[in-house]
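All remarks here apply to the structure that follows.
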Amino acid sequence: MSAHPTITPQPGILDISLYVSGKARVDGAQNRVTKLSANENPHGPGPAARAAYAAAVEGLGVYPETDHAGLRGAIGAVHGLAASRIICGVGSDEIIHFLCQCYAGPGDEVLFTEHGFAMYRIAALAAGATPVEVAERDRHTDVDALLAGCTDATKLVFIANPNNPTGTMISASEVARLAEGLPPQALLVLDGAYAEFVPGFDGHAGLATARNNVVMTRTFSKIYGLGGLRIGWGYGPQHVIDVLNRIRGPFNLSASQLAVAEAAVADREYVDACRAENARLRDWLAGELAAIGIPSDQSHANFILARFDSAAVAQAADAALQARGLIVRYVANYKLPQCLRITIGDDLACQAVLSCLTDFMKGGADG
């Protein structure tokens, strides 16, 4: 991009590398491809969400409600949370941007882990703040390293639990220790995009209820199968939610987004079924890959991070998968060049991945 001599963006903007989403197609592929690169629910949205989307067409000529009262109430009822402490956004990404815009700026620091979600860095730079990357320990969030990384300039600390792209998770006691140890001017943001895949896990909502320095974010893009609609939410102390609402656009969510999300969050039977099916296939695929020499850490999400001996081997495995129309995520941009992140698809997709990688490890993969 060429720079203009006098018209310039705010500091930090030009330092942002554009977010690269998971591939959706293979160049030159003639047959149908299976996309396992974006951690989408292979079953899509549930029946209640589908019905709500079909019905929403009747209201497309009318502005949506600005306070999201219906959706916030539904989320609160399902999760046992105060609706007044919930904010809804265009995916959890928008909540992350709100937090950086409101609480970080030039001279401030935003901490995250070395294999953390790319949007943390992007949102920090967009706000003019300084992103600070902290080392992990064997692909797990290291609370001691995060606490050591805090300074008087630290305003936000982001962690995902479970983490993307590693799938690893740290204990509730470790997260509480992090919250307790932060400097007084800092907020802890707990990204719970994959929380629903962990049985009995509240995404640290209890911690966010009890403390005034913890915010939780969640999304409808993963287990609810609504990535195409872009709906997320956040929950935290009233003083934070009140601030975020001051910059939230009054019509940031459409009427169809609100209606579908409200139906989806109430459909607990579908969520439970998706969680169980994901766990069954994830554990099966991880075990089968380990048996042929492709290890992974225990995943608590809807993907596994397959590890290979080197970046070159991982790239060759990626090429072999693509040759069979299987698109996974090569995660060198997350400082994991020897790894492939593989979304858990349906039975056929998981079997196809195993078949391809078995042939690859034997030296006989296509391509």
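The values are calculated or read from the model by the stated rules, or taken from the named source; none is laboratory data. If you're wondering where the values come from, they're calculated on a predicted model, not measured in any experiment. Positions of Cβ are backbone-derived with ideal geometry, glycine not excepted, and every protein chain shown enters the neighbour counts.
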Discussion item. For segment 118-127, check the following and say yes or no: at least one residue is surrounded by fewer than 18 Cβ atoms within 10 Å (Cβ to Cβ) and either assigned by TED's automatic domain parsing to the domain that holds residue 306 or in a loop (DSSP other than H, G, I, E, B) (or both).
Written reply: no
Worksheet item: Can you name every residue in segment 177-194 that is under 21 Å from the mean Cα position of the chain (by Cα) and under 29 Å from residue 105 (Cβ atoms)?
Response: 178, 179, 187, 188, 189, 190, 191, 192, 193
Worksheet, complete the sentence: Among 53, 63, the single one that is assigned to a helix (DSSP H, G or I), in the same structural domain as residue 250 (by TED's automatic domain parsing) and of a type outside the set (D, E, K, R) is 53
Worksheet item: Limited to segment 238-253, what total is found for residues that are closer than 16 Å to residue 158 by Cα and either in contact with a helix residue (DSSP H, G or I) (Cβ under 6 Å, 6 or more places away or on another chain) or part of a loop (DSSP other than H, G, I, E, B) (or both)?
Response: 0
Discussion item. Against the definition (more than 16 Å from residue 162 (Cα to Cα) and surrounded by fewer than 17 Cβ atoms within 10 Å (Cβ to Cβ)), how does residue 241 come out, yes or no?
Written reply: no
Worksheet item: With (1) among the hydrophobic types (A, V, I, L, M, F, W, C); (2) at pLDDT below 95; (3) surrounded by 12 or more Cβ atoms within 10 Å (Cβ to Cβ) as the list, and residue 52 as the residue in question, which single condition is left unmet?
Response: (2)
Practice prompt. Identify all residues within segment 200-237 that are outside any loop (DSSP other than H, G, I, E, B), in contact with a Leu (Cβ under 9 Å, 6 or more places away or on another chain) and over 19 Å from residue 178 (Cα atoms); write none if there are none.
Written response: 219, 233, 234
Fill in: Answer from 166, 130 - the residue that is crowded, with 23+ Cβ neighbours inside 10 Å and among the hydroxyl-bearing types (Ser, Thr, Tyr)
166
Discussion item. Given the options 210, 205, 259, 266, name the one that is surrounded by fewer than 24 Cβ atoms within 10 Å (Cβ to Cβ), more than 30 Å from residue 343 (Cβ to Cβ) and small (Gly, Ala, Ser).
Written reply: 210
